[in-house]
1. What percentage of the solvent-accessible surface of chain A, computed with a 1.4 Å probe over protein heavy atoms, is contributed by carbon and sulfur atoms?
2. What does the convex hull of the alpha-carbon atoms of the protein assembly as shown project to on average, in nm²?
3. For a Förster distance of 22 Å, can you work out the FRET efficiency between the beta-carbons of B:Phe332 and B:Met397, rounded to the nearest 0.05?
4. Starting from the amide H of B:Ala48, placed 1.01 Å from N in the peptide plane, find each other amide H under 5 Å away whose residue is 5 or more places distant or on another chain.
5. Under the classification rounded if a/c is under 1.5, otherwise prolate if a/b is larger than b/c and oblate if not, where does the stretch B:263-325 fall, given a ≥ b ≥ c as square roots of the Cα gyration tensor eigenvalues?
6. Rounded to whole Hz and in sequence order, give me ³J(HN,Hα) for the stretch B:58-65 from the Karplus expression 6.51 cos²θ - 1.76 cosθ + 1.60, θ = phi - 60°, writing x for Gly and Pro.
7. Pull up all non-local amide H partners of A:Ser16: gap of 5 or more, or a different chain, and H-to-H distance under 5 Å with H placed in the peptide plane.
8. What are the equivalent ellipsoid semi-axes of chain A, built from the alpha-carbon gyration tensor (square roots of five times its eigenvalues), in whole angstrom, biggest first?
Amino acid sequence: MSTCPRCDSKEAGKVSDSPVSGAWTIYACPVCFYTWRSSEDPKFTSSSLYNPDFKVRQADIPKAIHVPEIAQRK
Amino acid sequence: MAYRDFRDFLETLQKEGQLLTIEDEVMPEPDLGSAGRAISNVSDQSPALLFTNINGYRDARIAMNVIGSWPNHALMMGLPKTTPVKEQFFEFARRWENYPVPVRREASAPFQEVVVDGNVNLFDLLPLFRLNQYDGGFYIDKACVISRDPSDPEHFGKQNVGIYRIQVKGKDRLGIQPVPQHDIAIHLRHAEERGENLPVALAIGCEPVITTMAAAPIAYDQSEYEMAGAIQGEPYPVFTLPGTNLDVPWGAEIVLEGEILAGTREFEGPFGEFTGHYSGGRSMPVIQIHRVYHRKNPIFEHLYIGMPWTETDYMVGINTCVPIYKQLKDLFPDEIVAVNAMYTHGLVCIVSTKKRYGGFAKAVGMSAMATRHGLGYCKLVILVDETVDPFNLPQVMWALSTKMHPAHDVIILPDMSVLPLDPGSNPAGITHKMILDATTPVAPETRGHYSQPLDAPIATEKWEKIFQGLLNKQ
């Protein structure tokens with residue numbers, strides 16, 4: 001498991017390796033759904049370097065508004 | 001003039017000098033997104049881009065900016081690449097009248113060459129990448145998404161083909177943004193009311209006419225395929241995906257088959273949008289992918305989106321102007337001359353109109369706001385005389401600077417509807433709107449000194465044709 005650079009969850013995991021061996025790995029976070037590639041600049045892959053303006057607080061995720069609203073069963 | 005498929009159009013772009021193939025190795029990030037941004041910065045005549053050597057991938061090919069310039073848009077319509085924008089508008093509007101052109105049904109499709117059934121991993125199958133630096137993930141942003149209305153599944157016209165932003169959130173799991181104004185949001189509402197998932201197909205790498213119609217605000221019960229047939233001048237070829245009632249573009253490079261999960265919303269975004277701002281994070285519907293079809297060595301099409309102008313603005317330019325024009329023309333057939341709603345997808349709209357009497361142009365402005373697209377856009381409507389070309393911004397600025405009187409010609413309408421992505425709306429989806437009447441006052445509105453307009457010298461049109469001919473030969 002890896003730390004998500006954006007929401008700091010510890011549940012992120014590998015979802016793909018580069019077809020050319022050793023070039024990069026793709027990770028995804030199942031909490032905030034951030035996805036990143038290991039070859040990106042560290043400011044997009046490191047929790048401590050990620051831009052604070054774009055950090056996601058895990059507590060805010062359930063409060064995100066629904067677009068569109070869920071329709072009521074008829 | 002119809003293009004057989006995406007590759008056929010790329011070949012035409014190549015022949016016309018409108019395709020740039022980049023064989024040097026590029027990094028998925030930041031090179032692909034940066035190149036997509038840069039090509040629109042340097043020219044409005046720019047070529048499409050085809051990347052063939054992407055770090056870490058073996059055979060991946062990624063096409064961008066495919067209709068990202070006026071020459072490429074003209075070629076999409078089968079016109080000479082030098083066709084002026086205003087002529088492209090009137091030709092598009094003329095062909096629009098040929099709707100509907102019935103589709104041509106095919107028994108098989110090239111994308112059936114490879115089928116991945118179960119154990120789908122989109123991160124392995126597609127050369128996905130981050131477009132703008134704070135996008136929440138890797139997006140598919142130029143797929144034609146096909147769905148049917150579950151409450152009227154046999155109605156071919158209600159089958160929708162639309163382009164929506166799609167975040168790849170897991171190996172076989174996508175997020176989709178159907179804002180309430182979108183047709184697919186109606187399909188989803190009907191499915192959720194029935195407690196059913198909504199089957200969908202995503203077609204990636206289509207020839208550009210269906211992509212253009214998928215991005216056009218046509219009526220709910222109008223078929224994008226039958227309108228594509230009108231625009232390309234011959235029936236549009238479709239293939240019914242086996243085991244479904246979904247008709248997909250026959251020539252697609254890649255098709256993803258799945259369903260939107262009823263009653264599910266999940267965190268999505270942010271995503272850099274056509275407003276030049278990130279969207280913020282919201283809870284959006286989720287698509288579960290069951291099956292993937294693709295050609296051998298498929299071309300993955302993507303587009304850059306961000307602060308205008310980008311490929312997005314060319315893609316939603318004329319196809320947005322024409323439906324507004326048609327709807328205004330239905331109301332005022334003898335007065336409406338042309339509509340330019342190309343600025344931030346029509347948040348600003350310029351209408352060229354004749355006037356019946358004083359106050360008429362202002363009513364045209366309010367009518368523009370009440371069109372289907374205007375309900376979510378047309379935050380500013382500028383009215384100009386029939387002699388002013390709304391596609392010629394220096395002329396529009398001239399009209400504003402000389403015809404508009406701030407005491408009489410500015411109307412503010414409070415708390416109107418707008419798309420929630422408008423970063424100035426507050427709350428999201430609500431904004432004041434404004435009409436600027438830059439037409440010449442006519443009776444009974446007799447004010448100003450407009451009785452001596454300056455006409456061009458009498459042989460000007462002749463000389464325009466001479467110069468155009470000379471320049472086209474160069």
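The values are calculated or read from the model by the stated rules, or taken from the named source; none is laboratory data. Keep in mind the model is a prediction, meaning the values are calculated, not measured. Positions of Cβ are backbone-derived with ideal geometry, glycine not excepted, and every protein chain shown enters the neighbour counts. Quick note on the areas: whole protein, heavy atoms, side chains included, nothing else; ligands and nucleic acids left out. Shrake-Rupley method; radii C 1.70, N 1.55, O 1.52, S 1.80 Å.
1. In chain A, the share of accessible area belonging to carbon and sulfur is 52 percent.
2. Numbers: hull surface 107.4 nm².
So the mean shadow area of the Cα hull is 26.8 nm².
3. Details: r = 25 Å, r/R0 = 1.12.
Efficiency at R0 = 22 Å is approximately 0.35.
4. B:Leu19, B:Leu20
5. Working: a/c = 1.81, a/b = 1.20, b/c = 1.51.
It comes out oblate by the Cα gyration axes.
6. 8, 10, 5, 10, 10, 9, 9, 6
7. Hits under the 5 Å cutoff: A:Ile26.
8. Numbers: eigenvalues 155, 56, 20 Å².
So the equivalent ellipsoid measures 28, 17, 10 Å along its semi-axes.
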